[in-house]
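Structure, as structure tokens:
The values are calculated or read from the model by the stated rules, or taken from the named source; none is laboratory data. Computed from a predicted structure; not experimentally measured. Here Cβ is always computed from backbone atoms with ideal geometry, including for glycine, and neighbour counts include all displayed protein chains. Please note that ligands, DNA and RNA were not included when accessible areas were found on the heavy atoms of the full protein model with its side chains. Shrake-Rupley method; radii C 1.70, N 1.55, O 1.52, S 1.80 Å.
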Amino acid sequence: MTEKHLIVLDLDGTLLTDNKTISSRTKKTLLKLKEDGHEVMIATGRPFRSSELYYRELGLTTPIVNFNGAFVHHPLHTSWGVYHSPLDINVAKEIVEACDQFSYHNIIAEVRDEVYVHYHDEKLMNMFNLGNPIMKTGDLRNYLQDSPTSMLIHTDSEFVGQIRQHLSDVHAELVDHRRWAEPFHIIEIIKSGLSKAVGLKRVSNYLEIPQNRIIAFGDEDNDLEMLEYAGTGVAMGNAISPVKTVANTTTLTNEEDGIAVFLEEKFNIKA
């Protein structure tokens, strides 16, 4: 076979179709590459509880990057270690306090597999229910007892910039923040210095696969560092413009088997 490669997959908008499934063609291609001795891993902003079903579906045997690098572990080997880098709880509560200056709908704090919701909101809470997490509702300034892995602020499109500017002005050295795409306008906050690339580097070192043999796929701004770090960064056809700019190349969309199309050509696999 060709030298062993590490294939890194973002989930939403990348590996997953719009109805949150892995297409049969993409699954077949990835399983073929695993059979040929290549490594496949997931790097996602999701927690493990809502990415585990895809990890199992693909029969992965690699560590996984969750919460955009704030939580990295090996689901099959506890001895590999758990790398959890949460926000400082006092900073988290300061952010909740500061949000009262702005217009927002809700704030969610995730402590690994526990979800704390500032205001009760069935629609938003249903989004986070996959994997049956422990879910609590109430003022985060009172209910949050542990340092959160990540925080999410749900607001309207016109207020995203104001809140992010505040985070940059007041907490730039302590937090990193990103914007989610539609249908919700959400600002995601994690500890400063973290990204999928940080987790990917840890995993690739463990697997002893050099950067030039890493192929990473992504579509959103939380994939930027990962695509820059990989020897081959591949933007999905549906990716935002900055991702396409950073990537080495662009494939078809997540609805058009973009991952499979690229890998079949790269590794000379018959569709």
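What are the residues in region 37-47 that are at pLDDT 95 or above and either open to solvent by 10 Å² or more (accessible area, probe 1.4 Å) or under 19 Å from THR2 (Cβ atoms) (or both), if any?
Residues satisfying the conditions are GLY37, HIS38, GLU39, VAL40, MET41.
Can you say whether ASN222 is modelled with pLDDT of 90 or more, out of contact with any Asp or Glu (no Cβ under 7 Å at 6 or more places or on another chain) and under 25 Å from ASN254 (Cβ atoms), as far as the supplied structure shows?
yes
Within region 234-254, how many residues are loosely packed, with under 15 Cβ neighbours inside 10 Å and within 17 Å of LYS20 (Cα to Cα)?
The number of residues fulfilling the criteria is 0.
Determine the pairs where a residue that is under 16 Å from ARG46 (Cα atoms), located within region 211-225, has a partner that is of a type in the set (Asp, Glu) and surrounded by 24 or more Cβ atoms within 10 Å (Cβ to Cβ) with Cβ atoms under 9 Å apart, the partner being 6 or more residues away or on another chain.
Partner pairs satisfying both residue conditions: PHE217/ASP10; PHE217/ASP223; GLY218/ASP10; ASP219/ASP10; GLU220/ASP10; ASN222/ASP10; ASP223/ASP10.
State which residue is most open to solvent (accessible area, probe 1.4 Å) when the search covers only region 158-167 and only residues that are farther than 10 Å from TYR104 by Cβ and within 21 Å of the chain's Cα centre (by Cα).
ARG164
Restricting attention to region 237-271, which residues are touching a residue at least 40 places away in the same chain (Cβ under 8 Å) and closer than 22 Å to ALA197 by Cα?
ASN238, ALA239, ILE240, ASN254, GLY258, ILE259, PHE262, LEU263
Check LEU174, LEU227 and return the single one that is under 30 Å from HIS5 (Cα atoms), touching a helix residue (DSSP H, G or I) at 6+ places or on another chain (Cβ under 7 Å) and among the aliphatic types (A, V, I, L, M).
Answer to the check: LEU227.
Suppose we keep only residues that are in a helix (DSSP H, G or I) and either without any contact (Cβ under 8 Å) to a residue 40 or more places away in the chain or in contact with a Pro (Cβ under 9 Å, 6 or more places away or on another chain) (or both) within region 57-93. Which one would you say is most open to solvent (accessible area, probe 1.4 Å)?
For region 57-93, the residue satisfying everything is THR78.
Among the numbered criteria (1) touching a Lys or Arg at 6+ places or on another chain (Cβ under 8 Å); (2) in a loop (DSSP other than H, G, I, E, B), which single criterion is violated by VAL40?
(2)
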